[in-house]
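What follows is a single structure, written as C-alpha cells, with notes after it.
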Amino acid sequence: METTNGALNRKLRMGLVGGGSGAFIGRVHATAAVLDNRAEIVAGALSSNPEKAKASAPSYAIPDDRAYGSYQEMIETEASLPEDKRIDFVSIATPNHTHFDVAKTAIENGFNVVCDKPMTFDLAQAEELVKLVEASDVVFALTHNYTGNPLVRQAREMILAGELGEIQAIRSSYIQGWLRTRLETSGQKQSAWRTDPSKSGAAGAFGDIGTHAYNLARYMTGLIPEEVSCHLKVFEEGRQLDDYGHAVIRFENGGLGTVTASQISHGRENDLFIEIDGTKGALQWRQEEPNAMIFRQNGKPHQIYTRDPNAPHATEMHKAACRIPAGHPEGYLEAFANVYRFAFDAMAKRATGEEFEKRETIYPNVYDGVDGMNFIQQCVASSSEGGAWLPLKHPAARR
C-alpha cells in the first residue's frame, strides 16, 4: 500500500521564513515543497516586518495562530508544541545575510533545514554551519535547484561511470540582462538587496548566479577544484557589487574550467549553459531548454538525450527525477521540487529513527554550501589581486 513519506505515513510540516508580499523565491519554495503532496505549509515568519509577515500569511493558507512576526518567535513557539503538531523543517527564503542566524536557530532547536543559496553571508558562517549540522542529527538541504533536472542527474551518472572518459574542460556560464541599468535605484525589491553588500555579501552577480554555474559544473563532473583565477567587474556606474565576472579553475585531475556570470547582457534571461569535454565524448545542456541534452563524439552523429523516464538510455537518477511521460516539459519548479523530494526521504527516515546519509546525498547539502561560499570568497580575493591564482580546494568539498 502506498503511503506518504514511507513509514512516517503523514505529510511533513513546513515552516517558511521569508516569502512575504513582493518576494520571489519564497513562493517558489512553497510550490516546490508541496508539489508531490509530501509536505504542507503550516507555519511561517514571512517578513522581517511583523505586520507584513502576518498580513502575508493568508496567501499561503497559514492560520493566524501560526503566522509569526519573526523567525525567532516561530522556532521558539513551534519547538514548544507537541511532536505531532510542531513543524518538521524550516525553509529559508530570505536575503543572504539572514541565512546563518535562521539556520543556526532552527538546528539548535532540532528542526531540519532547507536553505536557499548562497548558503550564508560569508565563508566563516558556512564553516560554522557545517559544525552545527555535524553535531546534530538534522537534515540540511541547499536549493541549488538546477541539480534536480533529470538530464543534469543523467549527465552526472554518465560522467562518474566514465562514459565521457577523463574530463578535461568545462565551460559553465549563467547570463542575464535584468541589471543592465540601475534597477536597484527604482525600489525594486529583488535588485535592491542583491546589489547591497550588507545583504548580498562580498559578490553580486558571482554570488547570485555565478555560484549556480560553479555548482552545476561540480555536481555534473564530480571534479575537485584546485586553484582559481578570477576577474570581477562593475560595469554599471555607481553599483557596489560586480555585475559581470569570469573565473578560470584548475581541477585536481589537470582539467580546466571556466565560469562566466553576467547580469548586464541585453536580452538574456536565465541562460545557464554548460559544456563538458572528455576524452571519449562531450556533453552540452542548457537550463532554458532543460528537456534535451546533446552528446557528441567525433566521427559519429550527434545524439540528443531527451527527458524520458521510460527510455532505455535513462539512468536511475534520471528516472527518479521525472514525474510525467516524455514530451510534457518539466523545468524549473519540478527541478526545485526534486531537491525537496529527496531531502524529504531523509527527513522521513530521521523522524522514524532510521539512518540516513548526510554527506553523499543526491541533493545539495551543507558541504556544497561551504564549497560555494569558498568559491565566492576566493574569486573576490583573486579579482582584488588582479586575477592572482589562489587555492580553491576546501576540506568540505565532495564529489
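The values are calculated or read from the model by the stated rules, or taken from the named source; none is laboratory data. Note that the structure is a prediction, hence the values are computed from the model and not measured. Because the Cβ atoms are built from the backbone with ideal geometry, glycine has one as well, and the counts that use them run over all protein chains shown. Please note that ligands, DNA and RNA were not included when accessible areas were found on the heavy atoms of the full protein model with its side chains. Shrake-Rupley method; radii C 1.70, N 1.55, O 1.52, S 1.80 Å.
Values for this structure:
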| item | result |
| --- | --- |
| Wholly enclosed strands (runs of 3 or more DSSP E) of the range 224-291 bearing at least 3 residues under 22 Å from HIS302 (Cα atoms) | 271-278, 282-286 |
| Subset of the range 111-138 that is among the small types (Gly, Ala, Ser) and in contact with a helix residue (DSSP H, G or I) (Cβ under 7 Å, 6 or more places away or on another chain) - its residue that is surrounded by the most Cβ atoms within 10 Å (Cβ to Cβ) | ALA126 |
| Test: residue in the range 356-373 that is in contact with a helix residue (DSSP H, G or I) (Cβ under 7 Å, 6 or more places away or on another chain), within 16 Å of LEU151 (Cβ to Cβ) and aromatic (Phe, Trp, Tyr) | no |
| Matching option when the condition is at pLDDT below 95 and not β-branched (Val, Ile, Thr), among HIS313, HIS318 | HIS313 |
| Selection count, the range 334-375, where residues are over 14 Å from the mean Cα position of the chain (by Cα) and buried (at least 22 other Cβ atoms within 10 Å of the Cβ) | 6 |
| ALA32 vs. criteria small (Gly, Ala, Ser), outside any helix (DSSP H, G or I) and within 19 Å of the chain's Cα centre (by Cα) | no |
| Residue check for GLY162: within 17 Å of ARG218 (Cα to Cα) and out of contact with any Leu (no Cβ under 6 Å at 6 or more places or on another chain) | yes |
| Pairs where the first residue, in the range 179-205, is under 20 Å from PHE100 (Cβ atoms) and open to solvent by 50 Å² or more (accessible area, probe 1.4 Å) and the second is assigned to a helix (DSSP H, G or I) and hydrophobic (A, V, I, L, M, F, W, C), C-beta under 6 Å, 6+ apart | LYS199/TRP193; ALA202/VAL380 |
| Count - residues of the range 67-87 that are surrounded by 20 or more Cβ atoms within 10 Å (Cβ to Cβ) and not aromatic (Phe, Trp, Tyr) | 5 |
| Per-region count, the range 141-166, residues under 30 Å from GLY204 (Cα atoms), in contact with a strand residue (DSSP E or B) (Cβ under 8 Å, 6 or more places away or on another chain) and open to solvent by 10 Å² or more (accessible area, probe 1.4 Å) | 1 |
| Residue satisfying all of: in the range 175-206; modelled with pLDDT of 95 or more and touching a Phe, Trp or Tyr at 6+ places or on another chain (Cβ under 8 Å); farthest from VAL152 (Cα to Cα) among these | LYS199 |
| Inter-residue pairs, beta-carbon under 6 Å, first part of a helix (DSSP H, G or I) and in the range 117-145, second of a type in the set (Ser, Thr, Tyr), 6+ apart | ALA126/THR120 |
